[in-house]
Each structure stands twice: as structure tokens, then as C-alpha cells.
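**Q** Encoded as C-alpha cells, here's the structure I'll be asking about.
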Amino acid sequence: MMCRRIVINGRVWEGDASWRWVDEVLLLPLQAAVERLGASRRWAIYPQQLEIEKDGKTLTLEIGAAAAWLQDERISLDCPVYLDNNAVMVPVSLLCRFFKLSWALVEDAGAAVLSRAEPALIGKTVLLDPGHGGEDPGIISGDLIEAEFTWDVAWRLGSLLRLSGAAAAFTRQREETASLIQRTAAAETAKPDLLISIHCNSFIHPGRNGLETYWYSSWPARQLAEYIHRETIEEVEIPDRGVKESAFYVLRHAPTVSVLVKLGFATGDRDGHILMDRWLRERAALGIFRGIRAFMEAGAIQM
Ligand SMILES: [Zn+2]
């Protein structure tokens, strides 16, 4: 059976219930949003009517009813709220309206992703640099082609950033060949606030595994690398090979705060499955996303 995951504000919800479709309406367990977004929930009439409260606003839901009440306003629902093994299932449109979220379904990872616009990210542009591409496949190890992998992770990361209010730009398109000079030229044009370059690693021995995150010569870049590295390791079980300084071309020449992430060893006996697994790729993108968010929230970019 397909796994159904829920991600809210950059973190996987670990609860038992999952999302589901009913007549083309996506429903989610209310509890996921309540827990992740710090709302309170109580039964007004058990087990019929319940109230959710957040930031002084109240949403009143009735099991089986085709409408809900947001303060004094009646909201018609695409699908009635229902109980499923004690989980209160609510249409995603209602959750998004009450909690001010945007949502997307990441189909290949089975994940419903909900996010609120983050003040620290609104109006910011992140330039994503998927390593290699086109005539340059990068590392090839078994079924893994680095150029496809880096595009896939960058694309996932771009979607997460957009859901949270940032703009995402790319240094290349999916099948495109882009030289290092073209990539840094893209950074001149896009005038991004940050640049994130994504690669993977390789080594002759399969015993070498782990995440390496690189920065070059600037204090904010180092800070950004530290945030990304920490959050990615927290999200994906991958050995820690450290945050390092290195004069990679894009880091040296990009006119902005730049970090290069080597997301594991394509040749590694432990990392190999992380690089091939769609859900773990999504989680790696979540880790990088949270690192970016934490960096922007810390305001380190003003330095
Ligand atoms: Zn590479």
C-alpha cells in the first residue's frame, strides 16, 4: 500500500492518521494541523461538534455537516467533516483557510505538504543550482545519475520554498547543459538572496558515506551552511562529514551568499538508498528548506 505522509511547515507529522481523497476532495486529520500549528481543540458537544481556536479565532465544525463556522461566517464545505477511527477528517481547503496555509501533493513521495507563508521568506529569491545536467551527467553509480538526482532534489526544494512565500529560480532547466560560467551569470541576473548548489559525492570504497556542506570565505555563507547541514542531518539519517570551507567555482564567483551541499555518496553502501528513495529525497529537501528558513529568520543575511 502506498504510504501517505503529511508535512506541515517543513516537518513530517508522525501521527497515525493520514490524508485521503473522498470524491476528489483531499481530507486531512485535523489533529495534524492542530499539533503542528499550535492550535487548541475541544469538543463543544461530544462527539458531534468541536471548536478549534488559534490566534483568537474560532472554527466550529460539526461531524457530518456540509458547512463550518469561522467566527460568525458560514463556510460551505466540498465534503462534510467526518470521523475516521477517532481522527476528525477535514477538507484541506478549510484547513488552509483557517490556518492560512498553502498546500501541494507530492505524488511520487505520497506526501501532502502544507505550509504557511513565512515572513522571513516572503519576497526573497533563492537560486537553486542543480549540479551537472544535459551533456554532463556527473557521477553515475548503478541506477543513479547525479544530474537527475540534483535536479529532482532542487525541484522539490523549489516547491517547498514557493509554498512558504519565497521565489525559487534555477541555474539550469531539467535537460539543460550549463557551464559553471553560465551558472554564476544566472546568479548575476536573478539577483538572488541565496544560492544553493546541490551535488552528490563518490568514492572508490562503498564504506564512505555522509553529508558534506560547503561554504567559502564569508561568515553568512558559513552560517547558512551550518543551518542547512544540521537540519538535513536531523531529517535524513546520514553520517555527518562536516561543514567545510572549499573554493568551489560557484561559491567563489556567485555574487551572493552561497552554499554547496553534497547530499551523500552515490557509491556509499549506506547513502545509496537515500539517494534513490523519493521520500528520502523529499526529506533531504525538507532539511535544506528548514536550514534556509532558520538562516533567514536569524537575520544573518543583513551582516
Ligand atoms: Zn557533482
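Since every read-out is calculated from the coordinates, none of them should be taken as a lab result. As the structure is a computational prediction, the values presented were derived from the model and not from experiment. Don't worry about glycine lacking a Cβ; one is built from the backbone with ideal geometry, like all the others, and counts go over all protein chains shown.
**Q** HN-Hα J couplings of segment 45-58 from phi, Karplus 6.51/-1.76/1.60, θ = phi - 60°, integer Hz, Gly and Pro as x?
**A** Running phi through 6.51 cos²θ - 1.76 cosθ + 1.60 with θ = phi - 60° gives 10, 7, x, 10, 10, 9, 10, 10, 10, 8, 6, x, 10, 10 Hz.
**Q** Can you run phi through the Karplus equation (6.51, -1.76, 1.60; θ = phi - 60°) for segment 242-257 and list ³J(HN,Hα) in whole Hz, with x for Gly and Pro?
**A** Per residue, the Karplus-derived 3J(HN,Hα) values read x, 9, 10, 9, 7, 8, 4, 3, 5, 5, 6, 9, 5, x, 7, 5 Hz.
**Q** Find how many whole Å separate the alpha carbon centroid of segment 218-257 from the alpha carbon centroid of segment 11-89.
**A** Between the Cα centres of segment 11-89 and segment 218-257 lies a distance of 39 Å.
**Q** Charges at C-beta only: +1 for Lys and Arg, -1 for Asp and Glu. How large is the resulting dipole of the chain about its Cα centre, in Debye rounded to 20?
**A** Numbers: 33 positive and 40 negative charges, 139 e Å.
Rounded to the nearest 20 debye, it is 660 debye.
**Q** Using modelled backbone amide H atoms (1.01 Å from N, in-plane), which distant-in-sequence or interchain residues come within less than 5 Å of Leu26's amide H?
**A** Amide H neighbours of Leu26: Val92.
**Q** Please list, ordered by chain and number, the residues whose modelled amide H lies under 5 Å from the amide H of Ser197; skip anything fewer than 5 residues away on the same chain.
**A** Asp129, Val259, Leu260, Val261
**Q** Using only the Cα atoms of segment 88-211, what semi-axes does the equivalent ellipsoid have when each is the square root of 5 times a gyration tensor eigenvalue? Give whole Å, largest first. The partial results should precede the final answer.
**A** Details: eigenvalues 187, 83, 28 Å².
Listed largest to smallest, the semi-axes of segment 88-211 are 31, 20, 12 Å.
**Q** Note down the Stokes-Einstein diffusion coefficient of segment 264-303 in µm²/s, whole number, using a Kirkwood radius over alpha carbon pairs, 20 °C, and 1.002 mPa s.
**A** Working: Rh = 11.6 Å.
Estimated via Stokes-Einstein, D reaches 185 µm²/s.
**Q** If you don't mind, there's one more thing I want to ask. Not counting the cut sites, what is the longest span of the chain without GluC sites (Glu not before Pro) that DSSP labels loop and that have at most 12 other Cβ atoms within 10 Å? Mind showing how you got there, number by number?
**A** Details: sites that count: Glu14, Glu24, Glu135, Glu175, Glu237.
Between the exposed loop sites, the longest stretch runs 25-134.
**Q** Now, a different point. What fraction, in whole percent, of alpha-carbon pairs in the chain exceed 36 Å separation?
**A** Details: 11216 of 45753 pairs.
Across the chain, Cα pairs with separations above 36 Å total 25 percent.
**Q** For segment 1-100, what is the Kirkwood estimate of the hydrodynamic radius, computed as the reciprocal of the mean inverse distance between distinct Cα atoms, to one decimal in Å?
**A** Values: mean 1/r = 0.0730 Å⁻¹.
Taking the inverse mean of 1/r over all distinct Cα pairs, segment 1-100 comes out at 13.7 Å.
**Q** While we're here: Rounded to whole Hz and in sequence order, give me ³J(HN,Hα) for segment 135-145 from the Karplus expression 6.51 cos²θ - 1.76 cosθ + 1.60, θ = phi - 60°, writing x for Gly and Pro.
**A** 6, 10, x, x, 6, 10, 9, x, 8, 8, 10
**Q** Could you work out how far helix 180-190 tilts from the main Cα principal axis of the chain, as a 0 to 90 degree angle to the nearest 10?
**A** 40 degrees
**Q** Here's another thing I want to ask about it. Please report the relative contact order for the chain, taking Cα pairs under 8 Å with a sequence separation of at least 6, and give it as a percent rounded to a whole number. Don't skip to the end; give the middle numbers.
**A** On the way: 649 pairs, mean separation 46.6, N = 303.
Rounded, it is 15 percent for the chain.
**Q** If you restrict to DSSP beta bridges whose two residues both lie in segment 117-302, what percentage is antiparallel, to the nearest 5?
**A** Details: 7 of 27 bridges.
Antiparallel: roughly 25 percent of the beta bridges in segment 117-302.
**Q** Cα axis of helix 278-298 to longest principal axis of the chain: angle in degrees, 0 to 90, nearest 10?
**A** Long axis of 278-298 versus the principal axis of the chain: about 90 degrees.
**Q** Using only alpha carbon pairs under 8 Å that are at least six residues apart, calculate the relative contact order of segment 1-57 and give it in whole percent. Please report the intermediate quantities before stating the final value.
**A** Working: 53 pairs, mean separation 12.0, N = 57.
Value for segment 1-57: 21 percent.
**Q** How much mean residue ellipticity at 222 nm does the chain get from its helices, if each DSSP H run of length 4 or more adds -39500 (n - 2.57) and you divide by all residues, to the nearest 500 deg cm²/dmol?
**A** Working: 8 runs with 94 residues, N = 303.
The per-residue figure over the chain is -9500 deg cm²/dmol.
**Q** Something else: Collect residues whose amide H, placed 1.01 Å from N in the peptide plane, falls under 5 Å from the amide H of Phe265; neighbours closer than 5 in sequence don't count.
**A** Those lying under 5 Å, H to H, from Phe265 are Asn201, Gly210, Asp271.
**Q** Per the Kirkwood treatment, what hydrodynamic radius in Å, one decimal, follows for segment 74-140 from the mean inverse distance over all distinct Cα pairs? Walk me through the numbers before you get to the answer.
**A** Details: mean 1/r = 0.0625 Å⁻¹.
Over segment 74-140, the inverse of the mean reciprocal pair distance is 16.0 Å.
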